[in-house]
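Accompanying notes for the structure given below.
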Amino acid sequence: MQNKIICLGIESTAHTLGVGIVESNGNILANIRDSYIPPYGKGIHPAEAARHHALKMKETIQKALKQAGIKLKDVNLIAFAQGPGMGPCLRTGAVAARTLALTLNKPLVGVNHLVAHIELGKLVTGATDPVVLIVSGGTTALATLTGNRYRILGETLDIAIGNCFDRFAREVGLHDPKHPWPGPMFDKVASKGTKYIELPYIVKGMDLSFSGLLTAALKKVKEGYKVEDVAYSLQETALAMITEVTERALAHTGKNELLLTGGFTRNMRLQNMLKTMVKDRDAKLHVTPPEYATDNGVMIAWLGILAYTHGITTKIEDSYVKQRWRIEEVEVTWVKEKQ
Ligand SMILES: Nc1ncnc2c1ncn2[C@@H]1O[C@H](COP(=O)(O)OP(=O)(O)OP(=O)(O)O)[C@@H](O)[C@H]1O
Ligand SMILES: [Mg+2]
C-alpha cells in the first residue's frame, strides 16, 4: 500500500453538497460546501435539492481541488455518503462518485453518514471512546461503540431537535434573511424570553419525543403568550430532555467523554447545559467545531480512509444508495475497543 492516501469525499444526503479532501494521516486539505436553500417558509424538496447538487457538483469538486492545491489525478480514493438520507440527493452523489472512481480507475468506498459524523468529530476533537450526541435538522441520537458497532442508546421517536425549532420558527414567522435556516433567529428570540411556561416534557427511557412539545408550544402562541417566552420555554424544555438522556447514557456506559456533533451543535444553550452536566460527573465534553459538525465532505473522506485502510471497498454493483441505513448495520473494523 502507498504511504499516503488522498481521499476525495462527497456528501449529498440532504440539503448540503459537500466535497472534502483528506490525507490518510488525518490532514484536512479541503472542505467546500454548497447548500440548497428552500424557498422561504418551505422545507426541503428532495428532487429540488438533488437538482441543486447535480448542477453544483463539478464546480464544488473543482473548488475543493483548488483549495487542496492538487489535481484530480493526485486523488487515490473516492468516498461517498451511501446513506441514510433522501433518495434523489444520495443518488446524485453516488453517480458522481462512481463516475470519478471509474474514470480515474481508483477504489470507491460508500460510507454511512452518521458514522462519518462520529469519526470526524473524534479526529478533530481528540475524543477516543466517547458517548456521541448527534443533533441536527434530521437527527437526534445518542450512540457509542460497543463491540464492533456503534449502538444507538437513545433517539427521537418522531422529529429531530433542529426540525422542531425550525418548524416553530417558521410557523410563528421568525425569519432572518441572512440565514437560510431559522436556527440562529430562534436562538435570538428565545434568549429574550423571561417567563417559563409549562410545556410537556417527553422522555421515554432513553428516547425522546418532540412533536407533542412543538404542538403544545404553537398552541401557547395562539393563546396569546409572548413568542419570546414560548421560544425560551420550548428551548429550556427540549434541551433539558436531551441533557437528561445524555447524562443517563454516560452513567449507563460508564464512559467519561461526551462528543457533540451535527449542525445543531451551534446551539449555545445546549452546549452550556451539557457543560454543566459533564462537570458534575467529572466527564469531558468535546464540541465539534461548526464547519465539521454540520454536514460536510471531509467526514465522508475521512471515514473513506479509515474504511479503506482496514480492507473495505465498495464494488460499483454494490454502490446503490441506502436511504434507511442504520448505524448498527456498519461493522467498525478500524477502532480497537478499550478493554
Ligand atoms: N446558530 C444555530 N443555532 C442553533 N441551531 C442552528 C444554528 N444554525 C443552524 N442550526 C440548525 O442546525 C440544523 C442544520 O443542521 P445541518 O447543517 O447538520 O443539516 P441537517 O440537514 O440538519 O443535517 P442532517 O441531514 O445530518 O440531519 C438546522 O435545524 C438549523 O436550524
Ligand atoms: Mg448530518
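The values are calculated or read from the model by the stated rules, or taken from the named source; none is laboratory data. Because the structure is predicted, anything quoted here is derived from the model rather than measured. Neighbour counts are summed over all protein chains in view; Cβ atoms, including those assigned to glycine, are modelled from backbone coordinates with ideal geometry.
Can you tell me which residue is modelled with the highest pLDDT among those in the stretch 169-189 that are within 16 Å of ligand 2 (Cβ to nearest atom) and part of a loop (DSSP other than H, G, I, E, B)?
We begin by selecting, within the stretch 169-189, every residue within 16 Å of ligand 2 (Cβ to nearest atom); these are 180-181, 183.
Pick out the ones that are also part of a loop (DSSP other than H, G, I, E, B) and you get 180-181.
Numbers: 180: 77, 181: 83.
My answer is 181.
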Checklist outcome for this item: The one condition residue 166 fails out of (1) touching a residue at least 60 places away in the same chain (Cβ under 8 Å); (2) under 30 Å from residue 35 (Cα atoms); (3) crowded, with 21+ Cβ neighbours inside 10 Å is (1)
Checklist entry - Which of the residues that make up the stretch 101-114 are surrounded by 22 or more Cβ atoms within 10 Å (Cβ to Cβ) and either free of Cβ contacts under 8 Å to residues at least 12 places away in the same chain or within 15 Å of ligand 1 (Cβ to nearest atom) (or both)? => result 111, 112, 113, 114
Checklist entry - Which residue, of 69, 83, is under 23 Å from residue 262 (Cα atoms) and not polar (S, T, N, Q)? => result 83
Checklist entry - Conditions: (1) surrounded by fewer than 16 Cβ atoms within 10 Å (Cβ to Cβ); (2) free of Cβ contacts under 8 Å to residues at least 40 places away in the same chain. Residue 228 meets all but one. Number of the miss? => result (1)
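Can you pull out the residues in the stretch 55-79 that are in a helix (DSSP H, G or I) and over 16 Å from residue 297 (Cβ atoms)? Explain how you work it out, then say what you get.
Narrowing the stretch 55-79 to residues in a helix (DSSP H, G or I): 55-68, 72-74.
If the condition is that a residue be in a helix (DSSP H, G or I) and over 16 Å from residue 297 (Cβ atoms), then 55, 73, 74 are the ones that fit.
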Checklist entry - Mind checking which residues of the stretch 307-321 are closer than 16 Å to residue 12 by Cβ and out of contact with any Leu (no Cβ under 8 Å at 6 or more places or on another chain)? => result 320
Next on the checklist: I need the full set of residues from the stretch 16-37 which are touching a residue at least 60 places away in the same chain (Cβ under 8 Å) and within 16 Å of ligand 1 (Cβ to nearest atom), in order please.
Outcome noted: 16, 17, 18, 19, 20, 31, 32, 33, 35, 37
Next on the checklist: So, in the stretch 126-154, exactly how many residues are away from ligand 2 (no atom under 14 Å from the Cβ) and either assigned to a loop (DSSP other than H, G, I, E, B) or not β-branched (Val, Ile, Thr) (or both)?
Outcome noted: 14
Next on the checklist: Conditions first: (1) in a loop (DSSP other than H, G, I, E, B); (2) surrounded by fewer than 21 Cβ atoms within 10 Å (Cβ to Cβ). Residue 123 passes all but one, so which condition is the exception?
Outcome noted: (1)
Item to check | Selected residue (only one of 58, 42 is over 22 Å from the mean Cα position of the chain (by Cα) and away from ligand 2 (no atom under 16 Å from the Cβ)) | outcome: 58
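Within the bounds of the stretch 289-300, is there any residue that is within 16 Å of ligand 1 (Cβ to nearest atom), in contact (Cβ under 8 Å) with a residue 24 or more places away in the chain and over 18 Å from residue 121 (Cα atoms)? Full working, then the answer.
Here is the first cut: in the stretch 289-300, the residues within 16 Å of ligand 1 (Cβ to nearest atom) are 289-300.
Those left that are additionally in contact (Cβ under 8 Å) with a residue 24 or more places away in the chain: 289-300.
Subset that is over 18 Å from residue 121 (Cα atoms): none.
No, because not a single residue in the stretch 289-300 is within 16 Å of ligand 1 (Cβ to nearest atom), in contact (Cβ under 8 Å) with a residue 24 or more places away in the chain and over 18 Å from residue 121 (Cα atoms).
Would it be correct to say that residue 91 is over 16 Å from residue 20 (Cβ atoms), more than 16 Å from ligand 2 (Cβ to nearest atom), part of a helix (DSSP H, G or I) and charged (D, E, K, R)?
Yes: the conditions hold for residue 91.
Table: residues versus (1) assigned by TED's automatic domain parsing to the domain that holds residue 136; (2) closer than 18 Å to residue 241 by Cα; (3) within 11 Å of ligand 1 (Cβ to nearest atom); (4) hydrophobic (A, V, I, L, M, F, W, C).
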residue	(1), (2), (3), (4)
171	yes, no, no, no
182	yes, no, yes, no
188	yes, no, yes, no
195	yes, no, no, no
206	yes, yes, no, yes
209	yes, yes, no, no
213	yes, yes, no, yes
219	yes, no, no, no
